[in-house]
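Worksheet: one structure, shown below.
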4 protein chains.
Amino acid sequence: MTAIRVGVIGAAGRMGTEVCRAVEAADDLELVARVDEGDDLADLAKAGARVAVDFTHPGVVMGNLEYCAGAGIHSVVGTSGFTPDRLAQLREWLAKSPETGILIAPNFGIGAVLMMRFAAQAARFYESVEIVELHHPNKVDAPSGTARRTAELIAEAREGAGLGEMPDATVDDPDGARGGKVDGVPVHAVRLRGLVAHQEVLLGDDGEMLTIRHDSFQRTSFMPGVLLGVRRVVSTPGLTVGLEHFLDLG
Amino acid sequence: MTAIRVGVIGAAGRMGTEVCRAVEAADDLELVARVDEGDDLADLAKAGARVAVDFTHPGVVMGNLEYCAGAGIHSVVGTSGFTPDRLAQLREWLAKSPETGILIAPNFGIGAVLMMRFAAQAARFYESVEIVELHHPNKVDAPSGTARRTAELIAEAREGAGLGEMPDATVDDPDGARGGKVDGVPVHAVRLRGLVAHQEVLLGDDGEMLTIRHDSFQRTSFMPGVLLGVRRVVSTPGLTVGLEHFLDLG
Amino acid sequence: MTAIRVGVIGAAGRMGTEVCRAVEAADDLELVARVDEGDDLADLAKAGARVAVDFTHPGVVMGNLEYCAGAGIHSVVGTSGFTPDRLAQLREWLAKSPETGILIAPNFGIGAVLMMRFAAQAARFYESVEIVELHHPNKVDAPSGTARRTAELIAEAREGAGLGEMPDATVDDPDGARGGKVDGVPVHAVRLRGLVAHQEVLLGDDGEMLTIRHDSFQRTSFMPGVLLGVRRVVSTPGLTVGLEHFLDLG
Amino acid sequence: MTAIRVGVIGAAGRMGTEVCRAVEAADDLELVARVDEGDDLADLAKAGARVAVDFTHPGVVMGNLEYCAGAGIHSVVGTSGFTPDRLAQLREWLAKSPETGILIAPNFGIGAVLMMRFAAQAARFYESVEIVELHHPNKVDAPSGTARRTAELIAEAREGAGLGEMPDATVDDPDGARGGKVDGVPVHAVRLRGLVAHQEVLLGDDGEMLTIRHDSFQRTSFMPGVLLGVRRVVSTPGLTVGLEHFLDLG
């Protein structure tokens, strides 16, 4: 099998560095170009890159993707800031390059994506669902984006299944220990020195509980998702939003 | 909406009693017949039962199902002992009653079924998977049937994904603390006074872990699965094996 | 060894019934009297009770204890409502009966008492501590009394160790997901159908986490603590408040 | 308050480097000497070190400690290999320098030490106890030294409390899923990519479970224990074996 030739845009950044390392370590992938600020995007085509991985920033990502789509280079994108307008623009560019694929993923952690998916699937069957997210104490926002997104997906699934409000007899909670609600789903945010990024979804019904927990200990945990994206985007023309579409979850 | 008329076979047994109670408590179901040893199966048709729930034993269940299929009564069956021959026989009976459905489920715990399903789906993405099952100390067999089945499903998924043996550098394990393997998946069986039935599937890869855990605290936890079976079997002609087929997991 | 002769006051109540059952099941204890509303407390002395177990209510418990102290019968008390004034009164009665002992315990769950004790001991060594308590959704108050008490003990231990406020960079928490604080210790209250009474104390510091968790699945879990109280009160004259004093924790 | 002057022996090693960094970061400590292979131990006295931290190897540690004891420098030692003979030799040296202290600790993880201590204290009250230890898959031995030591302490505590064998009805365990026993305590060893070093002690009795879990995510988690040793050894003349003696656990 020929290795897939990969270029990395933003190669000197925190995530870009990890991606370069991961691509080099994979037998079926070959790192052919490292592009960073000041470099010429044309280096990608010159090096024969078939896929470009982009971890840059919202200010430059659209230019990068316009170039790649034009050059027939598939893209795997971890940069944030994709509004509906931007997505529409991407679809337009891809329409002119119908064999090229772009994967935009807000979260490349396969485990986190599976957790959200499983939580949403299970939510229909449980009277009660709550989320506990646990992070290091330097995090400035609560709840985490992943917890918020999980809660939205759970709320959507519950609504689709015709489930109403969750049972909760609490009348006396002077300290606010019951925490916050996102779309009606209670979310509790723990901040603890020593932790990295963790989340637990607790689903309860008469006589039983189902728990789905994800622990992220290091940034390297995003690499398998990036590599999966690279391997799959080459045979997935058009725009794909969300890594879950590449996980063959049925 | 008219309530679904339900008869329970083995109504005086441990599970049958719970089923009667659960059917009576459900607004959309009506308990119309309780049949037990010595009673006439024809009572089901006389009472106008549309669905029969069978928690009896392998010695009598085939007779019960022959009657129900013949009478056009759908069945939801928690009795064990279904060999391929028996399933073939059921299909034959159903062929003559093409609008009738039978659901055979080895496990009516929705949470346990979801856990197995999610574990199998996730297994493809993780280098390491191990199972810890925890039960009360009066259990005579280890590992539990659910743990064994989970391990088989995981092994199948890993094989399908082309994953090889899991990493394990252990060379020195004088006490056998690494436990047992089922189809290559390590399974650890904990027996602890105070517990009921619990299982944890741990999936690990570089920098992350995904955990899927199910806790069953009481027998009542099987009832939502039984009721779901009753509600769905009426519109699912033919033979269905496994509650997962009624969970719309995509 | 002669069995300890035990009388139960409030024998027909929910807890009293469990206590009677547990005393009868213990080889070294003998149930000699069941006293309830309308019965004569003098039955305890007539039956030769050496220890009385009292699970009644605040309105009658003082009368019961006055009788027992006067009759030289040791008491093990799970009834609530002991103010400093009431405790002073008990000490006065005991002063006149110097060989008699009374144990007052707000919580007879040995595991819960150990959890609180361990949490307080460990708290001195950790920069961050948070509590997650999980209960059935019919509970009307949050946080639970045990969580509140645990938080107080942790706060006390932190203060004693000269620890200041915990690190927490949260500036953006629109939903209140960070929950409530009791004496400066964050407490999160989860309410989930299927649960009974559970609590987790999470202690974190650079690179590590210590978790102490207690799961109470059934009311029977209080009985070992009651029986331990009975066995120890006979050799512990005077007033003892809190089961922890009988656990020989050093 | 004057800062405590600290010298590090083995300063260039993996642990020594971390210790230097931790001492420098502490306000109440001052790093005054880094000694490594080829350096003169006399540098410690010249620099005015009051405490020496030794993470070297069994071949040189006794020479280091003889020097320190002779120079009246207190020692905190993480090096392994202390036989009863070696400990006797240390006591002899300290007898001639009665104001000097040495702390030898097999484990500087405060959390791990607390877990072992709490597990041993709780074991007396529970009919069942099992240990699950979880590590990365490159670990060559199972069970871990910490799990083995925990099991020994639990077995000792159970024996002291007159507890017999644990309940276990298992008669059918074809795969050996019940794992290994250390001094009669079942220990299960999980090996999972992504993990570091984790252990859970599960204690069960009628209707309840107590869980004590320690997660070690990084080597830095040993530093608070080392610093605590430094702060306490200066006022603890003589030989102390085990960090637990400095934790004031009563």
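Subtracting the Cα-Cα distance of D:ASP27 and D:ARG149 from 0.36 nm times their residue separation leaves 40.5 nm of extension gain. Largest mean-square fluctuation among B:GLY180, B:GLY238, B:GLY207, in a Gaussian network model of chain B whose springs join Cα atoms under 10 Å apart, belongs to B:GLY207. In a simple Cβ point-charge model (Lys, Arg +1; Asp, Glu -1; nothing else charged), the protein assembly as shown has a dipole of about 0 debye relative to its Cα centre. Shielding value for C:234-240 is 0, the average number of Cβ atoms from other chains within 10 Å of each residue's Cβ. Helix B:14-25 and the longest principal axis of the Cα set of chain B meet at an angle near 70°. Taking chain D as a Gaussian network of alpha-carbon nodes connected by springs under 10 Å, the highest mean-square fluctuation of the residues D:VAL226, D:VAL185, D:VAL140 belongs to D:VAL140. Across the copies of the chain, B:LEU87 has label points (7 Å from Cα along Cα→Cβ) spaced 4.1, 6.2, 6.6 nm apart, shortest distance listed first. Put simply, chains C and D cover up around 2700 Å² of each other's accessible surface, both sides summed, when a 1.4 Å probe is used. Relative to the longest principal axis of the C-alpha atoms of chain D, give the angle of the C-alpha long axis of helix D:145-160, reported between 0 and 90° and rounded to the nearest 10°. Orientation of helix D:145-160: about 70 degrees from the principal axis. Each residue of segment C:38-51 was assigned a 3J(HN,Hα) from its phi angle through the Karplus expression (A = 6.51, B = -1.76, C = 1.60, θ = phi - 60°), giving x, 7, 8, 4, 4, 4, 4, 5, 4, 7, x, 5, 9, 10 Hz with x at Gly and Pro. What residue among C:GLU165, C:GLU30, C:GLU208 shows peak mean-square fluctuation when chain C is described by a Gaussian network model with Cα springs under 10 Å? Top of the fluctuation ranking is C:GLU208. Computed from label points 7 Å out along Cα-Cβ, the spacing between A:ALA95 and C:GLU156 is 7.2 nm.
Net charge dipole, segment C:42-104: roughly 80 debye, given to the nearest 20, about the Cα centre with Cβ charges of +1 for Lys and Arg and -1 for Asp and Glu. Across the identical copies, the label point of D:ASP39 (7 Å from Cα in the Cβ direction) is separated from its matches by 4.1, 7.6, 8.5 nm, in order from shortest. In the context of the full set of protein chains, residues of segment A:110-217 present 30 Å² of accessible surface per residue (probe radius 1.4 Å, heavy atoms only). The alpha carbon centroids of segment B:4-24 and segment A:219-233 are separated by 50 Å. The A:ARG219 and A:VAL140 beta-carbon pair, evaluated with R₀ = 22 Å, returns a calculated FRET efficiency of approximately 0.75. Legend: mean number of C-beta atoms from other chains within 10 angstrom of residue C-beta atoms, peptide D:106-115, equals 4.
Look at the stretch B:162-170: the mean tally of other chain Cβ atoms within 10 Å of its residues' Cβ atoms is 4. For segment A:110-217, the dipole from Cβ point charges (+1 on Lys and Arg, -1 on Asp and Glu) about the Cα centre works out to 620 debye, to the nearest 20. For chain C, what log10 I(q)/I(0) values come out of the Debye formula at q = 0.10, 0.13, 0.15 1/Å, with one point per alpha carbon and no solvent? Reported log10 I(q)/I(0), two decimals: -0.56, -0.87, -1.05. Close amide-amide hydrogen proximity is noted between B:GLY101 and B:HIS74, B:SER75, B:GLY238, each under 5 Å apart and 5 or more residues distant or on a separate chain (H modeled in the peptide plane; Pro and chain starts excluded). Note on segment B:150-250: dipole from Cβ charges, positive end direction compared against B:LEU192, B:PRO224, B:LEU203; the farthest Cα belongs to B:PRO224. On the principal axes of its alpha carbon atoms, the protein assembly as shown extends 85, 84, 53 Å, with the longest extent given first. Among beta bridges identified by DSSP and lying wholly in the protein assembly as shown, the antiparallel ones come to about 50 percent. Helix B:84-95 and the longest principal axis of the Cα set of chain B meet at an angle near 40°. Computed from phi, the 3J(HN,Hα) profile of segment B:122-135 under the Karplus parametrisation 6.51, -1.76, 1.60 (θ = phi - 60°) reads 7, 4, 4, 9, 10, 5, 10, 9, 9, 10, 10, 10, 10, 9 Hz, with x in place of Gly and Pro.
For the protein assembly as shown, the mean residue ellipticity at 222 nm estimated from helices alone is -10500 deg cm²/dmol, where every DSSP H run of n ≥ 4 contributes -39500 (n - 2.57) and the total is divided by all residues, rounded to the nearest 500. So who's got an amide H within less than 5 Å of the one on C:VAL190, skipping anything under 5 residues away but keeping other chains? H placed 1.01 Å off N, in plane. Here C:GLU133, C:LEU134, C:HIS135 satisfy the definition.
Between identical copies, the spacing of B:GLU156 label points, each set 7 Å from Cα toward the C-beta atom, reads 2.9, 4.9, 5.6 nm from nearest to farthest.
Taking a point 7 Å out from the Cα of A:ALA3 in the direction of its Cβ, the residues of segment A:63-77 whose backbone N falls within less than 19 Å of it are A:74, A:76.
Surface composition of chain A: carbon plus sulfur atoms contribute 49% of the solvent-accessible area (1.4 Å probe, protein chains only, all chains present).
Between amide H atoms placed 1.01 Å from N, distances below 5 Å from C:GLY242 occur with C:ILE104, C:ALA105, all of them 5 or more places distant or on a separate chain. The residue list D:ALA122, D:ALA169, D:THR150 was ranked by how far each Cα lies along the charge dipole of segment D:110-217 toward its positive end, using unit charges on Cβ atoms, and D:THR150 comes out on top.
The values are calculated or read from the model by the stated rules, or taken from the named source; none is laboratory data. Values in this document were obtained by computation on a predicted structure and should not be read as measured data. Backbone-built Cβ (ideal geometry, glycine too); neighbour counts: all protein chains shown. Please note that ligands, DNA and RNA were not included when accessible areas were found on the heavy atoms of the full protein model with its side chains. Shrake-Rupley method; radii C 1.70, N 1.55, O 1.52, S 1.80 Å.
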